[in-house]
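Everything below concerns the one structure shown next.
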Amino acid sequence: MVRGEDIPDYDAIVIGAGLTGIYQTFLLDQEGMKVLGIEAGKDVGGTWFWNRYPGCRLDTESYAYGYLASSGIIPDWNWSENFAGQPELLRYANAAADAMDVRRLYKFQTRVTAAHYQQRENVWKVTRDDNEVVTCRYLISATGPLSASRMPDIKGIGSFKGESFHSSRWSTRQDGSQDSIDFTGSGVGREADPDRSSFWRKARADGNQLLRNLQQGLRSSRRYREEPIQEVTPTGIRTSERDYDLDVVIYATGFDAVTGSLDRIDIRGKDNTKLKDVWADGPTTYLGLQARGFPNFFTLVGPHNGSAFCNIGVCGALQVEWVTRMLAYLRQKACRIRNPRKKPRTSGQTRFTRTLRARY
Ligand SMILES: Cc1cc2nc3c(=O)[nH]c(=O)nc-3n(C[C@H](O)[C@H](O)[C@H](O)COP(=O)(O)OP(=O)(O)OC[C@H]3O[C@@H](n4cnc5c(N)ncnc54)[C@H](O)[C@@H]3O)c2cc1C
């Protein structure tokens, strides 16, 4: 409940218990703030909790990705592979969560559905799918750049009588040995390739030629067909060539990347303005961490903050540390939100967004 005055239930709410979210929750707790983490999944791990398909692994090197090991949270951690697989990454997330003792700060199996800024009280009112409403001064999203899975818009998709799911919701019943399985989209086939890691290292050096090699390799090494899907039927899939009878259909159709997980929350700032509307023609941010009109809201590994161009295990952690220092400073100086006396001719956000758009 909003108490009608300036005292929120929590100093900060962190949405997400991936590697970024658990580190943020930990550091704010260490700063003596009252923090609540909210996570849709059953436990910590984020990307590495959800994506469990065979062959799922890093394509950046483990030791460079594993900031929580190299920065001293779990100093004894030893990677068993140069490009760690999902089971090891999930163990890594769990070991870090144990060391930081953050699970006690989380509400799991709970999704944030809305977050509305209350101008008068200067608090965020956060609505959860268990119908609870909680308030906080600082709202921090760590909802992941690749966590909003995207299903394709194919005729008849709901009619299939067998088992079907997105690759990021891999069914643990599937070991792929018995049933006939169809991968819709080619991403999972690519990610399940045992040579994927070395492939991607080389691919960075010479993208186009290697992409052609990959496509060639897939064609020869797998039952991969270039046949446009016309519809999903109760018994399988109809392509331009024929009908396939299938037990399982797996949608490897990717994610609504970066802004997708934020779009799925009804986020409203000052004057009830929707973030989704403000970003309708592309995100506008300051340093990729804040958006004008959404005070005290920080978007970790969100748009514009380099997540698409860097090793997220490290970039996410550096953003977490920056936000922690910022919030500690605001508290220490007892800073309050004030409307500027003079409206700047060009805001920092406009300059920042303009510069980014000109470069990328
Ligand atoms: C298959 C795959 C391979 C990848 N490989 C690499 C790699 O090699 N190198 C690299 O740098 N990055 C890689 N990434 C990107 C990866 O997402 C990041 O490295 C990193 O794990 C992101 O961590 P995060 O904590 O920011 O987000 P995530 O791990 O995505 O965690 C976000 C969490 O927020 C939760 N959440 C979202 N919305 C809500 C809501 N409304 N309410 C409650 N909870 C919510 C989700 O359930 C999720 O658990 C890969 C991603 C995938 C999918």
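The values are calculated or read from the model by the stated rules, or taken from the named source; none is laboratory data. On a predicted model such as this, the values are computed, not experimentally measured, just so you know. Neighbour counts are summed over all protein chains in view; Cβ atoms, including those assigned to glycine, are modelled from backbone coordinates with ideal geometry.
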*Only one residue in 57, 91 is within 8 Å of the ligand (Cβ to nearest atom) and basic (Lys, Arg), so which one is that?*
57
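Residue by residue, here is whether (1) on the phi > 0 side of the Ramachandran plot; (2) surrounded by 22 or more Cβ atoms within 10 Å (Cβ to Cβ); (3) assigned to a loop (DSSP other than H, G, I, E, B) holds:
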residue: 292; (1), (2), (3): no, no, yes
residue: 298; (1), (2), (3): no, yes, no
residue: 305; (1), (2), (3): no, yes, yes
residue: 316; (1), (2), (3): no, yes, no
residue: 321; (1), (2), (3): no, no, no
residue: 325; (1), (2), (3): no, no, no
residue: 329; (1), (2), (3): no, no, no
_Subset tally (residues that are touching a Ser or Thr at 6+ places or on another chain (Cβ under 8 Å), among the small types (Gly, Ala, Ser) and within 13 Å of the ligand (Cβ to nearest atom)) for segment 289-328_ = 4
*Can you tell me which of 67, 106, 117 is touching a residue at least 24 places away in the same chain (Cβ under 8 Å), away from the ligand (no atom under 11 Å from the Cβ) and closer than 23 Å to residue 326 by Cα?*
117
*Give the number of residues within segment 21-37 that are in a helix (DSSP H, G or I) and without any contact (Cβ under 8 Å) to a residue 40 or more places away in the chain.*
1
*Within segment 247-259, is there a residue that is aliphatic (A, V, I, L, M), within 16 Å of the ligand (Cβ to nearest atom), surrounded by 16 or more Cβ atoms within 10 Å (Cβ to Cβ) and assigned to a strand (DSSP E or B)?*
yes
*Do the conditions hold for residue 321, that is, is it touching a residue at least 12 places away in the same chain (Cβ under 8 Å) and outside the structural domain of residue 24 (by TED's automatic domain parsing)?*
no
*asked:* Can you confirm whether residue 13 is more than 9 Å from the ligand (Cβ to nearest atom), touching a residue at least 24 places away in the same chain (Cβ under 8 Å) and either in contact with a helix residue (DSSP H, G or I) (Cβ under 7 Å, 6 or more places away or on another chain) or not in a helix (DSSP H, G or I) (or both)?
replied: yes
*Does segment 125-152 hold any residues that are more than 10 Å from the ligand (Cβ to nearest atom) and under 21 Å from the mean Cα position of the chain (by Cα), and which are they?*
127, 138, 139, 140, 150, 151, 152
*asked:* Any residue that is near the ligand (Cβ under 10 Å from one of its atoms) and crowded, with 17+ Cβ neighbours inside 10 Å - is there at least one of those in segment 23-34?
replied: yes
*asked:* Yes or no: segment 264-276 includes at least one residue that is over 28 Å from residue 135 (Cα atoms), surrounded by 15 or more Cβ atoms within 10 Å (Cβ to Cβ) and not assigned by TED's automatic domain parsing to the domain that holds residue 228.
replied: no
_Of all residues making up segment 266-290, the number that are modelled with pLDDT of 95 or more, of a type in the set (Ser, Thr, Tyr) and part of a strand (DSSP E or B)_ = 0
